[in-house]
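Have a look at the structure below, then the notes.
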Amino acid sequence: MITAMRTQIVSSANSDARNWRLRALDAEEIAALESAPAGKIRGVRAGEEEQSQLFDILSREPRVTVSALAAALGVTPARAGALLSHELSTGRLVVRTEIARPYSGWPVYAWYFLRLDGRKEAIAQRLSHLREARLVASTIGSYDIALAVWLRSIDDVQRLEGYLAEQFPGVSVVDRSIVLRTPHHLHRTIDVSGRSMPKHG
């Protein structure tokens, strides 16, 4: 029985899962990836209607090929690739790799809802540097910041709360919760093991 619901309006996201790392690579491997030269692809700006179509297609099928994207937009593959490159370069489109949490080594998904005495921006920036942080969002409502984390074990929920109390003076953990299961994520149905289920129809 649902007895109550609360809505927290996000005014800004200071950090999201793009910044989270699995930490499976050593320092040398990370350096090799970061020093790899990026390919230079010339982008072209889309018109308002074309941009809207592009975003709509990608929101429904993020793994669409350039040729399929071109067919859906009614343009050449070269133009589709250029449109895509432009939107990626502006940051309006973001490429992110998802992983099934139970297999990540970080199976516990927890949320902390924080109230601050002040210095909201500075504290949000510091929280963004937590290795466990998947989302740091400024909110309007009962709390000032919502912090989502992935953790190694259930015991780490209390350990991290203790760390926040010790290292972040003026920050109070008003509430916390653990996500037992995520049935839907980014337009995908997720099975009990955390894997994306194939689409039908």
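The values are calculated or read from the model by the stated rules, or taken from the named source; none is laboratory data. Computed from a predicted model, the values in this text were never measured in an experiment. Ideal geometry is used to build each Cβ from the backbone, glycine not excepted, and the neighbour counts take in all protein chains shown. To get the accessible areas, we keep the full protein, side chains included, count just its heavy atoms, and leave off ligands, DNA and RNA. Shrake-Rupley method; radii C 1.70, N 1.55, O 1.52, S 1.80 Å.
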Q) What translational D, rounded to a whole number of µm²/s, comes out for the stretch 91-201 from Stokes-Einstein when the hydrodynamic radius is the Kirkwood one over Cα pairs, at 25 °C and 0.890 mPa s? A) 159 µm²/s
Q) Between VAL66 and ARG18, what is the label-to-label distance in nm when each label sits 7 Å out along the Cα-to-Cβ direction? A) 2.1 nm
Q.
Taking the solvent-accessible surface of protein heavy atoms with a 1.4 Å probe, what is the per residue accessible area of the stretch 57-191 in Å²?
A. 56 Å²
**Q.** Cα-based convex hull, the chain, per residue volume (Å³, whole number)
**A.** 188 Å³
Q | the chain, accessible surface, carbon-and-sulfur percent (1.4 angstrom probe) | A | 54 percent
Q.
Can you work out the Karplus-derived ³J(HN,Hα) for every residue in the stretch 85-99? Use 6.51 cos²θ - 1.76 cosθ + 1.60 with θ = phi - 60°, whole Hz, and x for glycine or proline.
A. 4, 5, 5, 5, 5, 7, x, 6, 10, 10, 9, 9, 9, 9, 9
Q: Using only Cα atoms, tell me the angle between helix 48-60 and the longest principal axis of the chain; keep it within 0 to 90° and round to the nearest 10.
A: 60 degrees
